[in-house]
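The values are calculated or read from the model by the stated rules, or taken from the named source; none is laboratory data. This one's a predicted model, so the numbers in the text were calculated from it and none came from an experiment. Don't worry about glycine lacking a Cβ; one is built from the backbone with ideal geometry, like all the others, and counts go over all protein chains shown.
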Amino acid sequence: MIELYYWTTPNGHKITMFLEEAELPYKIVPINIGAGEQFQPDFLKISPNNRIPAIIDHEPADGGAPVSVFESGAILLYLAEKTGKLIPADFRKRVEVLQWLFWQMAGLGPMAGQNHHFSSYAPEKIEYAINRYVNETGRLYAVLNKQLADKEFIAGDYSIADIAAYPWIVPYERQSQKLEDFPNIQRWFETIKARPATIRAYEKAEAFKNQALDVEKSRNLLFNQSAKTVTH
Ligand SMILES: N[C@@H](CCC(=O)N[C@@H](CS)C(=O)NCC(=O)O)C(=O)O
């Protein structure tokens, strides 16, 4: 059994997408980041960065004590290695998946995240910052579009590289991007959206709809973090 510490955000959706795809039994433990639950001491023990998602695997491969993992890319890789699913065994194909997984983790995720911040959440509209992150998101979309020109999925077969990227393309309008400008992404996006596991993963989020993030109420909690908010 996998315990998934989760909230209904792109990085949270990555893990429900994997678990649904691999049909692994799991239990969701909601961590309402708008209510500050990411700072609870028990959660910080498994996720010292005070961010969702995190998992506890109660049946690790070595048969030992439960294993906890934080960082969505590390979780996807851990689960793919555990199950042998959504990652190729072939050496060269595996390298292909890993480089695109890290591209998402270090590029698309953080840049689109800053795009959301400066375009939607920042109390002042800072033109330079908005342009910087909208342009960088667009550049990353163009790179992905090129990669998908001759492939159905990012690294050939459907993999954790696609699962990492998809939830960050879902809010494309908020990122001031148009999918018509990226026809290969559009085709890829519609294919993944229609997968039964993707539909089931996004349905899991519905249960928390009435607790949707109210950025105005949570502004101080989410956007006022510093070294001082990292507790012992
Ligand atoms: N690099 C991390 C980023 C995780 C992340 O930023 N999580 C957000 C939600 S998507 C969060 O928990 N925010 C809580 C906070 O800012 O306190 C990952 O991919 O797991």
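Structure notes:
- For region 185-203, the set of residues classified as outside any loop (DSSP other than H, G, I, E, B) and either among the small types (Gly, Ala, Ser) or crowded, with 16+ Cβ neighbours inside 10 Å (or both) consists of Ile185, Gln186, Trp188, Phe189, Ile192, Ala197, Thr198, Ala201, Tyr202, listed by residue number.
- Every residue from region 1-33 that is more than 13 Å from the ligand (Cβ to nearest atom) and either in a loop (DSSP other than H, G, I, E, B) or modelled with pLDDT under 95 (or both): Met1, Glu23, Leu24, Pro25
- Conditions (1) crowded, with 20+ Cβ neighbours inside 10 Å; (2) within 16 Å of the ligand (Cβ to nearest atom); number of the one not met by Gly107: (1)
- Selection status of Phe70, farther than 24 Å from Ala161 by Cα and touching a residue at least 12 places away in the same chain (Cβ under 8 Å): no
- Qualifying residue in region 204-226 (condition: crowded, with 18+ Cβ neighbours inside 10 Å and within 16 Å of the ligand (Cβ to nearest atom)): yes
- Residues within region 60-78 that are outside any helix (DSSP H, G or I), surrounded by 13 or more Cβ atoms within 10 Å (Cβ to Cβ) and more than 11 Å from the ligand (Cβ to nearest atom), tallied: 4
- Options Ala54, Ala35; residue that is of a type in the set (A, V, I, L, M) and under 26 Å from Ile154 (Cβ atoms): Ala54
- Boolean, Ile87 is assigned to a strand (DSSP E or B) and away from the ligand (no atom under 12 Å from the Cβ): no
- Met17 over 21 Å from Leu222 (Cβ atoms) and in contact with a His (Cβ under 7 Å, 6 or more places away or on another chain): no
- The residue of region 34-58 that is nearest to the ligand (Cβ to nearest atom), among those that are part of a helix (DSSP H, G or I) and touching a helix residue (DSSP H, G or I) at 6+ places or on another chain (Cβ under 9 Å), is Gln38.
- Residue among Trp188, Trp100, Trp168 that is at pLDDT 95 or above and closer than 22 Å to Leu222 by Cβ: Trp168
- Residue check, Ser119 away from the ligand (no atom under 12 Å from the Cβ) and part of a helix (DSSP H, G or I): yes
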